[in-house]
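S.K.: Right, I'll just put the structure down here and ask away after.
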Amino acid sequence: MFDYVDSQAFSNDQGARAQKLFAAVVLAALDDAIADDKKYGNGAEVIARWARSRDGREVLMCAGIDPSERCVKGMMDFVSRGVRTSVALSREESERQAQAREAA
């Protein structure tokens, strides 16, 4: 009986790791689009084209993200801000944004 529970827990853990891997791919795609935006000025269009493609939708679904048009617009907005994902996810950046909101 406990073998069944162990195998279920292992399977669930494997799924969580796979989901994190696909989320990392999404973050890398966002970083690439930000780099394209700074270099060529078309990063928002690049990420939108990728997210609407068959491969992009598949990666987003595997990462646990709904590949809807709302998601695509959010990704385009994120790219147009020009803040890299590693910076945006850091504690210092979130504190800076909170201070900017309080000041406004």
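The values are calculated or read from the model by the stated rules, or taken from the named source; none is laboratory data. The structure presented is a predicted model; accordingly, all values stated were derived computationally and were not measured. We place every Cβ from the backbone using ideal geometry, glycine too, and count neighbours over all the protein chains shown. Side chains are part of the model used for accessible areas, which takes the heavy atoms of the whole protein and leaves out ligands, DNA and RNA. Shrake-Rupley method; radii C 1.70, N 1.55, O 1.52, S 1.80 Å.
S.K.: In segment 24-46, which residues are touching a helix residue (DSSP H, G or I) at 6+ places or on another chain (Cβ under 9 Å) and aliphatic (A, V, I, L, M)?
M.R.: 25, 26, 27, 28, 29, 30, 33, 34, 35, 44, 46
S.K.: Could you tell me whether any residue of segment 7-19 is free of Cβ contacts under 8 Å to residues at least 12 places away in the same chain, closer than 20 Å to residue 70 by Cα and open to solvent by 40 Å² or more (accessible area, probe 1.4 Å)?
M.R.: no
S.K.: Name every residue in segment 54-93 that is polar (S, T, N, Q) and under 15 Å from residue 33 (Cα atoms), in order of residue number.
M.R.: 80, 85, 86
S.K.: Which condition from (1) modelled with pLDDT under 95; (2) closer than 12 Å to residue 76 by Cα is the one that residue 15 breaks?
M.R.: Result: residue 15 fails condition (2) only.
S.K.: Further, regarding this structure: Kindly indicate whether any position in segment 50-68 is open to solvent by 40 Å² or more (accessible area, probe 1.4 Å), more than 30 Å from residue 15 (Cβ to Cβ) and assigned to a helix (DSSP H, G or I).
M.R.: Within segment 50-68, none of the residues are open to solvent by 40 Å² or more (accessible area, probe 1.4 Å), more than 30 Å from residue 15 (Cβ to Cβ) and assigned to a helix (DSSP H, G or I).
S.K.: Still on this structure, I have one more. Please verify whether residue 56 is modelled with pLDDT of 90 or more, touching a helix residue (DSSP H, G or I) at 6+ places or on another chain (Cβ under 6 Å), at positive phi and not aromatic (Phe, Trp, Tyr), treating the condition exactly as stated.
M.R.: Criteria not met by residue 56.
S.K.: Give me a count of the residues in segment 20-34 that are of a type in the set (A, V, I, L, M, F, W, C) and open to solvent by 40 Å² or more (accessible area, probe 1.4 Å).
M.R.: Qualifying residue count, segment 20-34: 6.
S.K.: Scan segment 72-89 for residues that are in a helix (DSSP H, G or I) and either in contact with a helix residue (DSSP H, G or I) (Cβ under 7 Å, 6 or more places away or on another chain) or of a type in the set (Val, Ile, Thr) (or both) and jot them down.
M.R.: Residues satisfying the conditions are 72, 75, 76, 78, 79, 80, 85, 87.
S.K.: Hey, among the residues in segment 81-104 that are under 21 Å from residue 25 (Cβ atoms) and among the hydroxyl-bearing types (Ser, Thr, Tyr), which one's most open to solvent (accessible area, probe 1.4 Å)?
M.R.: 86
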